[in-house]
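Some notes on the structure that comes next.
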Amino acid sequence: MRQLLPIGAIAAAAVALGVAAVLTRAPVTPEAQVANRPIQVSTDGFVSSAACKACHPSQYDTWYGSYHRTMTQVATPETVLADFDGARIDDVHGEPMRLERRGNEFWAEFNDPGAAGPESERPRITRQVVMITGSHHQQIYWYATGHDRALNVLPGVYLIADDRWAPRSAVVLHPPNQAVSTVDGHWNAVCLACHTTFPRTRFDTPFLSEPIARQSVDTTTAEFGIACEGCHGPGGEHVRKHRNPLSRYGSHLGDGPDPTIVLPTRLDPQRSSQVCGQCHSVWEFQDAAGERQANAQGFPYRPGDELRDTRFLPQPAEQRHSPELAAFVARDPAFVTGSFWPDGMIRVSGREYNGLIDSPCFKNAADPARTLSCFACHTMHKPPDDPRPVAEWADTHQVSPGMDGNAACTQCHAAVADDAAAHTRHAPDSAGSTCYNCHMPYTSYGLLKAIRSHTISSPSVAETVAAGRPNACNLCHLDRTLAWTGAALEDWYDLPAPPLTDDERTVAAGLLWAMRGDAGERALAAWALGWAPAQEASGTSWMVPHLAELLNDPYEAVRYIAYRSLRTLPGYGGVDYDYVASREERVAAALPILRAWQNSTLSRRRREPELLVDADGRLRIDEFRRILHQRDNRPLFLRE
């Protein structure tokens with residue numbers, strides 16, 4: 001007969017096994033009982049990704065390791081990356097933000113964004129942080145407002161790679177004198193559409209039609225983040241059908257496609273790409289009735305549907321004279337300018353679908369099997385034969401195995417693959433012979449960096465002149481003029497060189513974008529000055545004074561990117577500079593950088609006039625200032 005242990009011995013054994021910690025852990029509030037934030041609710045056939053795991057463990061695991069899953073998370077000790085333990089954050093606008101951890105909860109004290117008067121004079125409030133957006137580049141923290149499930153955003157954003165906080169206004173590209181939205185209910189009305197699965201805002205009236213405090217806010221979603229059902233459709237019927245393992249195997253023995261679930265890769269290229277386009281696009285509700293329906297009942301689009309049936313998707317290049325587009329622009333003048341280049345090409349990150357549908361490989365392909373789609377290059381689940389760890393696969397934008405090189409293009413353009421150098425006029429193993437460097441250049445902006453264009457196009461000086469958008473040639477050859485590029489394209493590909501101004505003929509294109517471009521062009525130029533292929537093609541000895549000038553750009557985001565690029569230059573990796581400091585402090589930090597360059601060894605310095613350097617290797621200050629005075633200072637808010 002087995003001897004029973006006394007109660008004290010059981011407790012001691014439990015402690016030794018770590019069980020006591022579990023027994024005494026604070027109870028987790030059931031989701032349905034959470035009242036101060038949006039909640040996850042299984043409804044309308046949505047059953048959550050947890051229901052997929054048992055039958056699809058490999059797909060579940062790779063999705064679980066992706067940034068799609070962590071796009072939105074509840075704030076917990078496991079998900080919060082910033083240090084909240086008594087931290088004081090000074091470099092946010094207004095008074096310092098004070099952070100505190102209370103057990104498993106996270107709290108912040110800051111100036112009330114909804115109060116009247118100057119920001120620095122607003123009363124202090126203390127709120128609980130309950131939700132997070134982002135886990136890759138940044139974490140944006142949302143706090144419970146105390147009014148139903150409405151959320152608002154902390155004034156500081158945590159930059160993960162830098163391990164530092166920055167003002168929220170300093171991580172988006174917006175006019176210096178224009179405030180960034182800090183309205184109660186912003187997450188509920190805007191962010192949830194693309195950062196959760198099957199969301200329902202549930203406001204009483206459309207957002208901002210009357211103060212949130214007067215409305216009921218009962219926001220729910222099927223699942224936080226981009227989950228299985230966001231791409232495959234609601235899974236309730238699929239789960240019910242396959243509870244019996246025999247039916248599960250039967251679906252693979254000749255029964256044909258399973259009608260209870262959608263596999264995007266089995267859709268035609270247009271419909272499969274629309275699954276991604278439901279989030280990765282610029283769009284708007286067709287009308288107020290559509291907005292009200294989505295508000296109350298959830299977004300009507302389901303994978304496999306025609307996306308345009310449920311929303312308006314702008315294509316300014318084709319809809320330039322469309323009354324429908326004109327109506328949207330009349331209501332919101334920045335509807336196009338905040339997202340598109342003047343010729344209609346998308347210029348902001350996260351909107352790749354708008355770029356794809358303007359690509360000739362997508363819209364002009366006669367053979368559906370050769371039509372470009374999102375899944376031609378990307379995969380939503382890491383294949384079993386992909387040797388990369390899940391984290392590496394996720395960190396490289398979920399590019400399919402082998403599709404991170406020219407194979408992504410040569411699978412259709414086989415003739416180019418036979419002799420790439422003959423087509424590119426560059427060495428086969430150089431950056432100039434990489435298809436996407438020429439046909440998908442870094443002309444979109446977001447998250448404090450440049451992003452590849454997803455409109456497949458060819459380098460064009462004429463488009464650069466007309467739209468201001470950098471061309472692929474000069475994004476590598478930053479030290480060369482537009483005239484140099486125009487002559488090469490005319491010689492190699494019979495593209496007529498366009499008329500150019502004196503500066504476009506005689507000053508390096510990279511300098512023109514950095515000094516006289518709009519804020520978005522300056523951000524792209526600042527990024528390109530730190531891009532390794534551009535540094536290899538252009539050299540770096542001439543870059544310092546131009547990056548030093550960008551350290552005092554009016555736009556905080558431009559200053560941040562310029563500083564990051566400056567630190568990649570030989571001898572400047574230890575430069576100390578704060579991009580959100582006062583102008584006086586920034587000037588004091590930039591002047592020594594410029595003086596050190598001016599006093600460096602002249603014999604090592606390039607002396608081409610297009611780099612604004614004279615025959616002695618010294619900066620041509622008068623020309624530098626003349627071009628700088630041409631800077632495009634029109635306000636620009638890019639809607640990342």
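Would a scan of the range 598-610 turn up a residue that is surrounded by fewer than 12 Cβ atoms within 10 Å (Cβ to Cβ), in contact (Cβ under 8 Å) with a residue 60 or more places away in the chain and either at negative phi or under 32 Å from the mean Cα position of the chain (by Cα) (or both)?
yes
Would you confirm whether any residue within the range 308-331 is of a type in the set (Lys, Arg), surrounded by fewer than 19 Cβ atoms within 10 Å (Cβ to Cβ) and within 19 Å of Ala466 (Cα to Cα)?
Taking every residue of the range 308-331 in turn, at least one turns out to be of a type in the set (Lys, Arg), surrounded by fewer than 19 Cβ atoms within 10 Å (Cβ to Cβ) and within 19 Å of Ala466 (Cα to Cα).
Since Ala369 meets every condition but one in (1) modelled with pLDDT under 95; (2) of a type in the set (Gly, Ala, Ser); (3) buried (at least 19 other Cβ atoms within 10 Å of the Cβ), which condition does it not meet?
If we test Ala369 against (1) modelled with pLDDT under 95; (2) of a type in the set (Gly, Ala, Ser); (3) buried (at least 19 other Cβ atoms within 10 Å of the Cβ), just (3) comes out false.
So which helices (runs of 4 or more DSSP H) stay within the range 422-511 end to end and still have 1 or more residues that are without any contact (Cβ under 8 Å) to a residue 60 or more places away in the chain, more than 23 Å from the chain's Cα centre (by Cα) and closer than 20 Å to Ser339 by Cα?
Those helices (runs of 4 or more DSSP H) span 461-467.
Tell me which of these Cys412 doesn't satisfy, since it passes every other one: (1) touching a residue at least 24 places away in the same chain (Cβ under 8 Å); (2) under 28 Å from the mean Cα position of the chain (by Cα).
The one condition Cys412 does not meet is (2).
Going through the range 372-402 one residue at a time, which ones are open to solvent by 50 Å² or more (accessible area, probe 1.4 Å) and charged (D, E, K, R)?
Matches in the range 372-402: Asp385, Glu392, Asp395.
Which of the residues spanning the range 403-421 are modelled with pLDDT under 90, outside any helix (DSSP H, G or I) and either open to solvent by 40 Å² or more (accessible area, probe 1.4 Å) or in contact with a Pro (Cβ under 6 Å, 6 or more places away or on another chain) (or both)?
Within the range 403-421, Asp404, Gln411, Cys412, His413, Asp419 meet the criteria.
Restricting to the range 202-222, count the residues that are open to solvent by 20 Å² or more (accessible area, probe 1.4 Å) and in contact with a helix residue (DSSP H, G or I) (Cβ under 7 Å, 6 or more places away or on another chain).
Residues that pass the stated criteria total 3.
In the range 125-133, is there at least one residue being open to solvent by 60 Å² or more (accessible area, probe 1.4 Å), at pLDDT below 95 and not acidic (Asp, Glu)?
No.
Within the range 332-349, work out how many residues are surrounded by fewer than 17 Cβ atoms within 10 Å (Cβ to Cβ) and closer than 25 Å to Pro441 by Cβ.
Selection size over the range 332-349: 3.
Considering only the range 512-564, state which residues are among the charged types (D, E, K, R) and within 23 Å of the chain's Cα centre (by Cα).
If the condition is that a residue be among the charged types (D, E, K, R) and within 23 Å of the chain's Cα centre (by Cα), then Asp518, Glu521, Arg522, Asp553, Glu556, Arg559, Arg564 are the ones that fit.
For every residue, the table says whether it meets (1) closer than 27 Å to Ala537 by Cα; (2) part of a loop (DSSP other than H, G, I, E, B); (3) open to solvent by 60 Å² or more (accessible area, probe 1.4 Å); (4) touching a residue at least 12 places away in the same chain (Cβ under 8 Å).
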residue: Tyr563; (1), (2), (3), (4): yes, no, no, yes
residue: Thr568; (1), (2), (3), (4): yes, yes, yes, yes
residue: Gly573; (1), (2), (3), (4): yes, yes, no, no
residue: Ala588; (1), (2), (3), (4): no, no, yes, no
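When you look at Phe299, is it open to solvent by 20 Å² or more (accessible area, probe 1.4 Å) and aromatic (Phe, Trp, Tyr), yes or no?
Against the criterion (open to solvent by 20 Å² or more (accessible area, probe 1.4 Å) and aromatic (Phe, Trp, Tyr)), Phe299 qualifies.
Could you tell me whether Ala519 is of a type outside the set (S, T, N, Q), within 27 Å of Leu619 (Cβ to Cβ) and at pLDDT 95 or above?
Spelling it out, Ala519 is indeed of a type outside the set (S, T, N, Q), within 27 Å of Leu619 (Cβ to Cβ) and at pLDDT 95 or above.
Which residues, taken from the range 600-639, are part of a helix (DSSP H, G or I) and among the basic types (Lys, Arg)?
Correct list: Arg604, Arg625, Arg626.
Among the residues that make up the range 261-269, is at least one of them within 29 Å of Ser460 (Cβ to Cβ) and either in a helix (DSSP H, G or I) or touching a strand residue (DSSP E or B) at 6+ places or on another chain (Cβ under 6 Å) (or both)?
Yes, because at least one residue in the range 261-269 is within 29 Å of Ser460 (Cβ to Cβ) and either in a helix (DSSP H, G or I) or touching a strand residue (DSSP E or B) at 6+ places or on another chain (Cβ under 6 Å) (or both).
The values are calculated or read from the model by the stated rules, or taken from the named source; none is laboratory data. Since this is a predicted model, take the numbers as computed values, not measurements. Note: ideal-geometry Cβ built from the backbone for every residue, glycine included; neighbour counts use all protein chains shown. Just the protein is used for accessible areas: all its heavy atoms, side chains included, with ligands, DNA and RNA removed. Shrake-Rupley method; radii C 1.70, N 1.55, O 1.52, S 1.80 Å.
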